[in-house]
Structure formats: structure tokens, C-alpha cells
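The values are calculated or read from the model by the stated rules, or taken from the named source; none is laboratory data. Note that the structure is predicted; figures quoted are calculated from it, not measured. Counting neighbours? That spans all protein chains shown, and the Cβs are built from the backbone with ideal geometry, glycine included.
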């Protein structure tokens, strides 16, 4: 069925634009760094449902396939979130392990050496060396 027969030109253009954006995101070709998330997927699905021909509704198979895609997207989002949390936890644990150890920290061409006297946890752990605070990621070497 031709989509232009059941929707006006504005709606047709909007749905095609959304579908094109969704397809670019799925193929990894979207260059702006933006990603379509579950809310975007639901908006596209709702737009399709609102603008479908009531005398010829969406096929059950199509609807089930789209819901399966949504479910897969939701699961991938949850897995990615879990990996982010796991990574933050691992970095925080590694930061605590340097407490009391001598480290070298590089900032540009200058290198600072000292004993880690404190560690603050969070998404970006920080360490205190020689009464100055540094990001854990700035450690170049751990000595002892």
C-alpha cells in the first residue's frame, strides 16, 4: 500500500523523515553523534498507528516485528547501562587500591611523584597526592 494514499503530505513527509533517521541510526551512518533511543522509536510507532488507514490497519506481523525491535532496543539500552555502571565500579575499585602507594602523575611535560593520601569515589575517582587532587586517570606509574 502506498503511504501517501492514507496520510496528508505533511504527515507523510514527517513519517518518512523519522523512518529515514531511524534507518540511518540502525546502520550506524548517522554522523551527528546523536542516537535514537526508545522514546524516538515509540514516537515513530505511535505516529504510524495514528496515521494508518482504519479500513486497512497495520498487519499483525508488522506490528509484532516492530514490537520485537523495540524490545531488543530496550534490552540493548539496559545492557549498555549495566556496562557503564560496571566500568565505573571497576575504576573506583582500582583507585582505592592505590591508597598509600607511591605514584607518578603526568600533567603535560611535568611529572609529580608522591604517596596517595586520599581517594574520592564516584564516576570520576580522584586521588590526593602531595595535598593536590588529581583524576585517577592521570596516574602514569604506580611504584612500590
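For residue 100, the conditions (1) assigned by TED's automatic domain parsing to the domain that holds residue 41; (2) assigned to a loop (DSSP other than H, G, I, E, B) are fulfilled apart from (1). Checking residue 53 against (1) outside the structural domain of residue 16 (by TED's automatic domain parsing); (2) on the phi < 0 side of the Ramachandran plot; (3) outside any helix (DSSP H, G or I): exactly one of these is not met. Which one? Result: residue 53 passes all but (1). Condition first: part of a strand (DSSP E or B) and farther than 29 Å from residue 83 by Cα. Now tell me which residues in region 108-139 satisfy that. Selection gives 110, 111, 112, 113, 114, 115, 117, 129, 132.
Checked against (1) surrounded by fewer than 13 Cβ atoms within 10 Å (Cβ to Cβ); (2) more than 30 Å from residue 42 (Cα to Cα); (3) modelled with pLDDT under 90, residue 87 passes all but condition (2).
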